[in-house]
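Read the structure below first, then the notes.
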Amino acid sequence: MRSIDQGTIPLDDASVRHLDLCLGCRACETTCPSGVRYGTLIEGARHFIESRHRRSWPERVQRWLVNRTFPNPAVMRIFGWSVRCMTRFGVHRLARAGWVPAPLRRLLRYLPDPKAPFRSVRLPERTAPRGEVRHRVGLLAGCVMQSLFGTTHTNTVRLLTEYGCEVRAPEGAGCCGALLLHNGDRERGLELARRTIAAFDSPELDAVLTNAAGCGAAMREYGEHFKEDPALRPAAERVAAKVRDVAEFVHGLPDVEPRRRMNVKVAYHDACHLLNGQGVHAEPRRLLKDIPGVEWVDLHEAEVCCGSAGSYNLTEPELAGRLAARKARNVTATGAEILVTGNPGCILQIQAALRDQGSSIRVVHTADFLAEAYTNGKAARD
Amino acid sequence: MITERLLRALRDILGGDGVVSHATELSVYDCDGYTLEKSTPEVVVLPRSTEEVAAVLKLLKHEGVPFVPRGTGTGLSGGCLPLGAPVMVSLTRMNRILELDPANRRAVVESGVVNAWVSRAAKPHGLHYVPDPSSQMACSIGGNVAENSGGPHTLKYGVTTNHVLGVTLVLPDGEVVRLGGMTEDTPGYDLLGVTVGSEGTFGIVTEAILKLYPRPQGYKTLLAVFDSVAGGSAAVAGIVASGIVPAALEMLDRLILQAVEDAFHFGFPREAGAVLIVELDGLEAGLERAAGRIREVCESNGATEIRVARDDGERDALWKCRKRAFGALGRLAPNFCCQDGVVPPTRLPEIMERIADIGEAYDLRIGNVFHAGDGNIHPILLYDERDREQTERVVAAGREILRECVALGGSLTGEHGIGVEKVALMPLIFTPDDMSVMEQVRSVFDPEDRCNPNKIFPSAEQHVEVRSPRRQAAM
């Protein structure tokens with residue numbers, strides 16, 4: 001990056017290619033003894049590239065699609081709906097049987113089973129807890145989560161309200177801007193971030209929660225992103241300081257304890273932006289291990305990226321596929337029945353790879369699994 | 001020198017993705033861990049097997065093209081810097097552990113296998129591979145063999161050459177030879193012995209047979225804190241003289257200690273002048289008594305505090321701090337040059353004092369983190385490569401430190417090799433006759449001087465001039 005900046009290496013297809021290949025998993029940050037913040041550097045580099053480098057037409061179309069559809073809840077809702085229709089008509093089976101052209105087939109691989117389709121949800125602006133209000137938390141409904149992972153949202157709210165949390169999910173929060181910021185579309189990303197900050201900047205909230213790793217990682221950096229903007233900086237820093245992952249927050253609640261036995265063999269995969277972006281490692285593991293009946297198995301290379309990496313599996317399918325296959329092999333080797341992980345992208349990616357390898361292991365969001373074990377009522381099932 | 005035809009021929013052998021020739025992509029190969037000098041190869045090839053290496057070297061022999069082998073680029077003397085060698089052979093894709101034989105305590109590995117992987121694979125069998133360079137998370141076995149690498153635990157157990165039973169060597173003409181073997185000793189001249197530490201000038205090692213050792217029954221790891229480097233050095237001399245051979249005996253000075261503490265939050269006393277890490281291993285039975293003796297020696301040399309690692313977790317944390325100290329140097333300066341000299345352990349107090357003086361004279365910050373037990377010093381000269389004048393001072397100060405080592409009865413390198421870095425200093429310890437004999441040995445393996453040319457011998461440096469446009473101090 002320095003060489004490009006200083007002009008000793010040209011900004012050409014070759015140099016851009018190598019920077020494109022970076023997953024942005026930030027594992028290097030976790031391991032770097034010198035404390036280099038590579039995530040910030042690569043984000044800056046991507047912004048530099050997108051503003052100065054002319055990409056080929058197919059790449060531009062692809063990036064335009066990714067950057068315009070994902071961060072837009074309305075578009076994603078339509079997308080979720082059409083996917084539900086498609087799975088009902090069995091498109092995925094056609095795809096898996098090889099009746100669909102290759103590029104489309106690659107996309108269709110990620111479709112869920114018709115038994116557990118994408119569900120969208122509109123979270124209420126305010127959900128009251130069971131019993132008295134002991135905590136007030138914001139929950140980012142987000143773009144992909146609310147249109148495709150509605151069940152996980154419902155379970156997150158159930159889990160939180162069980163332990164005295166009033167859950168606020170302001171409509172105006174929209175998309176947090178993470179995907180755009182990570183992809184180098186800084187201006188539009190910050191525009192979205194401004195709305196999210198405004199929606200959550202309230203002294204009433206004890207914490208602002210996310211159940212998508214990339215969102216949490218980006219939101220924790222809001223202060224950094226707006227450090228040049230004196231008007232917004234204080235609010236950005238206030239919100240950033242309150243951002244927590246759902247499992248991390250639940251783990252910190254005083255009265256949390258398992259309510260149900262779960263006789264199942266469980267492994268856990270670290271989402272990169274949870275582990276490296278937010279430093280969440282021990283909390284979900286402890287919550288899972290505490291559940292009576294859960295047989296814990298260690299996943300080899302749990303901390304290695306599955307290749308999902310935001311939209312990486314769409315822009316770099318070849319390398320993403322290799323990482324996914326490696327991850328799926330490690331998961332299968334554990335002999336687990338359920339793989340738990342805290343990020344929607346990882347779930348789709350690993351589930352697809354497991355399916356390809358003929359495995360029946362289910363990949364489940366941490367919040368879904370915890371809602372089942374840590375609440376008295378019945379958790380929502382797909 | 002590299003023609004389109006040669007590139008095509010290389011691609012025929014290795015496939016398109018096995019040949020790197022784009023200028024931008026080549027730039028990452030322009031140095032190793034010794035960043036003071038840089039030089040970019042014209043093409044990098046990435047073979048996957050001994051057969052592919054042999055085919056490439058046959059082709060290069062036919063074309064008369066010199067080449068340089070490269071492991072994972074963690075070397076610290078510029079050993080894989082391409083000087084007059086347009087082709088670089090990178091062994092990173094040869095990364096398989098071919099055979100693990102716990103019963104006979106052997107492992108057969110390809111040369112691109114990372115050092116730490118061997119111990120990781122052997123761990124379930126209660127075994128490990130002893131030589132543990134600080135870069136063991138990244139450095140390759142092939143590079144270890146080339147440089148005869150050391151590490152903290154080689155004080156008691158010996159360096160790489162004591163742990164390699166055999167290698168597969170592809171000679172510069174493409175012929176594949178096997179030196180040594182599965183057994184402890186092989187009759188005839190010890191060709192394996194001269195190959196280990198030949199700095200990649202005999203050919204390309206593609207496989208190695210390694211010895212594995214049982215993990216010791218017990219460890220006792222002590223951390224002794226001193227007000228000054230002088231106190232720590234005196235304690236080292238005392239421990240060595242006491243007749244106890246620790247598994248490792250390492251020193252960190254204040255500058256390094258503070259960077260390491262910022263990185264890993266171990267709980268080092270930030271104001272200490274120096275700390276010693278002393279590790280004893282072996283049968284549980286004798287450990288306590290030896291530890292008591294070490295404690296006495298440290299205290300009589302002014303140790304202000306002595307801590308003992310309570311469990312494996314604490315021991316691991318301590319070693320992590322030591323081994324990853326280099327990684328934490330980015331907190332101190334953008335660049336560093338890690339020097340590598342040796343003095344008799346009893347002369348440590350003197351050399352440490354002289355290093356401090358040299359730092360002052362050249363106006364450079366110098367930290368120290370090193371294998372004190374065998375007198376193998378690693379002064380770390382901090383600099384910023386964008387400051388050309390400062391960079392030149394680093395080169396001059398480094399040379400002066402090594403001259404002091406030699407003057408104290410020591411040597412130019414303990415484990416990093418001569419490479420390009422110390423070529424000019426060779427006459428300090430060798431006569432022209434010595435070097436001429438060494439060059440004759442080399443010519444047995446590489447008669448055409450095509451394998452990693454212009455390294456080790458000062459006569460080579462005269463040739464470098466011709467190619468100097470590509471060799472320049474880092475800007």
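Every number here is computed from the coordinates shown, using simple stated rules; none is lab data. Just so it is clear, the model here is predicted, and its values are computed rather than measured. With ideal geometry, Cβ positions are generated from the backbone for all residues, glycine too; neighbour counts draw on all protein chains shown.
Please state the shape class of segment A:257-374: rounded when a/c is under 1.5, otherwise prolate if a/b exceeds b/c and oblate if not, all from the C-alpha gyration tensor.
Prolate.
Regarding chain B, what are the three Cα extents along the principal axes, ordered largest first, in Å?
The Cα atoms of chain B stretch 68, 56, 43 Å along their principal axes.
Using the basic label-point model (7 angstrom from Cα toward the beta carbon), what is the B:E389 to A:R54 distance in nanometres?
Placing both labels 7 Å beyond Cα along the Cβ direction yields 4.4 nm.
Restricting to Cα atoms and excluding each atom paired with itself, what does the Kirkwood estimate give for segment B:218-327 in Å?
13.8 Å
Please work out the Cα convex hull volume for segment B:97-214 and give it in Å³ per residue. Intermediate results must be reported in sequence, preceding the final value.
Numbers: hull volume 11.2 nm³, N = 118.
Dividing the Cα hull volume of segment B:97-214 by its residues yields 95 Å³.
Would you please give the residues with an amide H less than 5 Å from that of A:V364, counting only those at least 5 places away or on a separate chain, with H modeled from the backbone geometry?
Hits under the 5 Å cutoff: A:L339, A:V340, A:T341.
In the neighborhood of B:D17, defined by Cβ-to-Cβ distances under 11 Å, what is the net charge if each Lys or Arg adds +1 and each Asp or Glu adds -1?
+3
Size of the dipole of the protein assembly as shown about the Cα centre, Lys and Arg at +1 and Asp and Glu at -1 on the beta carbon, nothing else charged, in debye to 20?
Working: 100 positive and 107 negative charges, 877 e Å.
Taking the Cα centre of the protein assembly as shown as origin, the dipole is about 4220 debye.
Among B:174-185, A:276-287, what's the highest-first ranking by average C-beta atoms within 10 angstrom per residue?
My ranking of the peptides, most packed first, is A:276-287, B:174-185.
Using alpha carbons only, how many angstrom separate the centre of segment A:7-26 from the centre of segment A:225-240?
Going from one Cα centre to the other spans 30 Å.
Sort A:H300, B:H153, A:H225 so the one with the fewest other Cβ atoms within 10 Å of its own Cβ comes first.
A:H300, B:H153, A:H225
May I ask for the distance between the Cα centers of segment A:189-206 and segment B:38-73, given as a whole number of Å?
Cα centroid to Cα centroid, the span is 56 Å.
Dimensions of segment A:138-290 along principal axes (Cα, Å, largest first)?
Principal-axis extents of segment A:138-290 (Cα, largest first): 51, 31, 27 Å.
Per residue of B:318-330, what is the mean number of Cβ atoms on other protein chains within 10 angstrom of that residue's Cβ?
2
Grab the eigenvalues of the alpha-carbon gyration tensor for the protein assembly as shown, scale each by 5, take roots, and send me the semi-axes largest first in whole angstrom. Walk me through the intermediate numbers first.
Values: eigenvalues 515, 219, 146 Å².
In descending order, the three semi-axes are 51, 33, 27 Å.
Using only Cα atoms, what is the ratio of the radius of gyration of segment B:333-407 to 2.2 N^0.38 Å? Mind showing how you got there, number by number?
Details: Rg = 11.9 Å, N = 75, 2.2 N^0.38 = 11.3 Å.
Ratio of Cα Rg to 2.2 N^0.38 Å: 1.05.
Hey, any idea what Rg/Rh is for chain A, computing Rh the Kirkwood way over Cα pairs?
Rg/Rh: 0.95.
Considering amide H positions built from the backbone, and no H for Pro or chain starts, which residues 5 or more places from B:V130, or on another chain, come under 5 Å of its amide H?
Amide H neighbours of B:V130, under 5 Å, 5+ apart: B:Y213.
Output the peptides B:387-397, B:141-151, B:2-12 sorted from most to least packed, where packing is the average of other Cβ atoms within 10 Å over each peptide's residues.
B:141-151, B:387-397, B:2-12
Go through segment A:296-305 residue by residue and turn each phi into a ³J(HN,Hα) via Karplus (6.51, -1.76, 1.60, θ = phi - 60°); whole Hz please, and just put x for glycine and proline.
So the J values, rounded to whole Hz, are 8, 10, 6, 8, 5, 6, 4, 8, 8, 4.
Could you name the aspartates and glutamates whose alpha carbon sits less than 13 Å from that of B:K156, not counting residues in the same chain fewer than 8 places away?
B:D132, B:E250, B:E279, B:D281, B:D374
Angle check, please: helix B:4-14 long axis (alpha carbons) against the longest principal axis of chain B (alpha carbons), in degrees 0 to 90, nearest 10.
Result, in degrees: 60.
Return the sequence-ordered ³J(HN,Hα) values of segment B:72-85 in whole Hz as given by the Karplus equation 6.51 cos²θ - 1.76 cosθ + 1.60 applied to θ = phi - 60°, using x for Gly and Pro.
Karplus values, whole Hz, x for Gly and Pro: 9, x, 9, x, 10, 10, x, x, 10, 5, x, 10, x, 10.
On a 29 Å Cα-Cα criterion, which of the cross-link pairs B:K38/B:K211; B:K61/B:K455; B:K211/B:K320; A:K289/B:K211; A:K289/B:K323; A:K265/B:K323 come out too long?
Listed pairs above 29 Å: B:K38/B:K211; A:K289/B:K211; A:K289/B:K323; A:K265/B:K323.
How big is the antiparallel share of DSSP beta bridges in the protein assembly as shown, given as a percent to the nearest 5?
Given both bridge residues lie in the protein assembly as shown, the antiparallel proportion sits at roughly 65 percent.
Got a sec? How would B:T168, A:T30 order by Cβ neighbour count within 10 Å, fewest to most?
Listed from fewest to most nearby Cβ atoms, that is A:T30, B:T168.
Suppose we flag chymotrypsin sites (Phe, Trp or Tyr not before Pro) only when DSSP calls them loop and at most 15 other Cβ atoms lie within 10 Å. Which is the longest uninterrupted stretch of chain B?
B:267-475
Taking K and R as +1 and D and E as -1, what net charge do the other residues with C-beta under 15 Å from the C-beta of B:E360 add up to?
Cβ neighbours under 15 Å give a net charge of -3.
Over what distance in Å are the Cα centres of segment A:159-188 and segment A:331-382 separated?
22 Å
Enumerate the amide H contacts of B:V205 below 5 Å, restricted to partners 5 or more residues apart or on another chain; note that Pro and chain-start residues carry no placed amide H.
B:V170
Could you please report the charge total around B:E279, scoring K, R as +1 and D, E as -1 over all other residues with beta-carbon less than 11 angstrom from its beta-carbon?
+2
In which sequence would B:L318, B:L57 go, from the one with the fewest C-beta neighbours within 10 Å to the one with the most? Walk me through the numbers on the way to the answer.
Working: B:L318 22, B:L57 27.
Ordered from fewest to most neighbouring Cβ atoms within 10 Å, B:L318, B:L57 come out as B:L318, B:L57.
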